[in-house]
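The values are calculated or read from the model by the stated rules, or taken from the named source; none is laboratory data. Everything quoted here is computed from the prediction, not taken from an experiment. Neighbour counts are summed over all protein chains in view; Cβ atoms, including those assigned to glycine, are modelled from backbone coordinates with ideal geometry.
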Amino acid sequence: MYKVGITGGIGSGKTTVCKVFEVLGIPVFYADTEAKNIMIGDAVLIDGIKSAFGNESYFADGKLNNKHIAGIVFNNETELAKLNALVHPAVFRAFDAWEAVVNPNVPYTLKEAALLFESGSYKMCDTTILVTAPTELRLNRVIERDNVTAEQVKARMDKQFSDVEKEKLADHFVINDEQHGIIAQVLALHQQFLSMSNG
Ligand code: ATP
């Protein structure tokens, strides 16, 4: 099945753009939500995390000990890479399992991932979309949505590739600022993907 990867910096509006594709009947796999689910549901991944970071990575009731893991990987590139090397392949497996049960009549699927380029998962997509918005607008959107400070959002932004790096790798763009409407842009992309998936 034709696969479209979609990404964008924090607060760019990638989830909002995905909702428009969903209205058009396109199934969306939300990789970041799925990553959270499998960290408490995928036995292979759980074993890997316990081996790498200790049994205290999980509470007795099976819940993830976020504080313990964050304490290890926060500002430690090596430990973060170790965690990603466990989680990313598990998300790829989850995507394959999801895609295997998606309605086979849909023309294409969408995979939304904040780290689509950083994780290398864009290589498994037929094409990619980058959602962009000015940094100031992204900052304000996330402050309002998550009730966090500008510093907390900036710290999260610093951990992602910049838009300049992502633009080099992306095939298509959705500009989600206050001048461009996203619906017309999504409809135009949808037409392109329909013809690509038919061809
Ligand atoms: P994250 O990386 O944190 O998951 P995201 O890129 O998925 O963020 P969204 O959650 O889609 O971004 O959008 C961030 C916030 O901005 C949300 O509260 C959303 O409702 C709002 N937003 C996004 N796009 C628009 C828009 N075009 N008009 C108004 N509000 C918007």
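Among the residues of region 69-94, those that are modelled with pLDDT under 95 and either charged (D, E, K, R) or under 24 Å from Q191 (Cα atoms) (or both) comprise E77, R93. Scanning region 56-69 for residues that are under 19 Å from A85 (Cβ atoms) and part of a loop (DSSP other than H, G, I, E, B) gives no hits.
Here V164 clears all of (1) of a type outside the set (D, E); (2) part of a helix (DSSP H, G or I); (3) within 11 Å of the ligand (Cβ to nearest atom); (4) closer than 21 Å to I6 by Cβ except the condition numbered (3). Does region 160-167 contain at least one residue that is surrounded by 13 or more Cβ atoms within 10 Å (Cβ to Cβ), assigned by TED's automatic domain parsing to the domain that holds F21 and of a type in the set (K, R)? There is at least one residue in region 160-167 that is surrounded by 13 or more Cβ atoms within 10 Å (Cβ to Cβ), assigned by TED's automatic domain parsing to the domain that holds F21 and of a type in the set (K, R). Scanning region 113-138 for residues that are in contact (Cβ under 8 Å) with a residue 40 or more places away in the chain, more than 13 Å from the ligand (Cβ to nearest atom) and not in a strand (DSSP E or B) returns F117, S121, Y122, M124, C125, D126. Does E79 qualify as being surrounded by fewer than 13 Cβ atoms within 10 Å (Cβ to Cβ) and either part of a helix (DSSP H, G or I) or within 16 Å of the ligand (Cβ to nearest atom) (or both)? When the stated conditions are applied, E79 does not pass them. The residue of region 75-105 that is farthest from K50 (Cα to Cα), among those that are of a type in the set (G, A, S) and without any contact (Cβ under 8 Å) to a residue 60 or more places away in the chain, is A100.
Out of V28, V4, V20, one residue alone is closer than 23 Å to E167 by Cβ, within 16 Å of the ligand (Cβ to nearest atom) and touching a Ser or Thr at 6+ places or on another chain (Cβ under 6 Å). It is V4. Here's a check for you: in region 139-154, which residue that is among the polar types (S, T, N, Q) and part of a loop (DSSP other than H, G, I, E, B) is farthest from the ligand (Cβ to nearest atom)? Step by step, filter region 139-154, then rank; the result is T149.
Among the residues of region 91-109, which ones are polar (S, T, N, Q) and assigned to a loop (DSSP other than H, G, I, E, B)?
N103, N105 - these are the residues of region 91-109 that are polar (S, T, N, Q) and assigned to a loop (DSSP other than H, G, I, E, B).
Scanning region 181-199 for residues that are surrounded by 14 or more Cβ atoms within 10 Å (Cβ to Cβ) and either within 16 Å of T132 (Cβ to Cβ) or among the hydroxyl-bearing types (S, T, Y) (or both) returns I182, Q185, V186, L189, S197.
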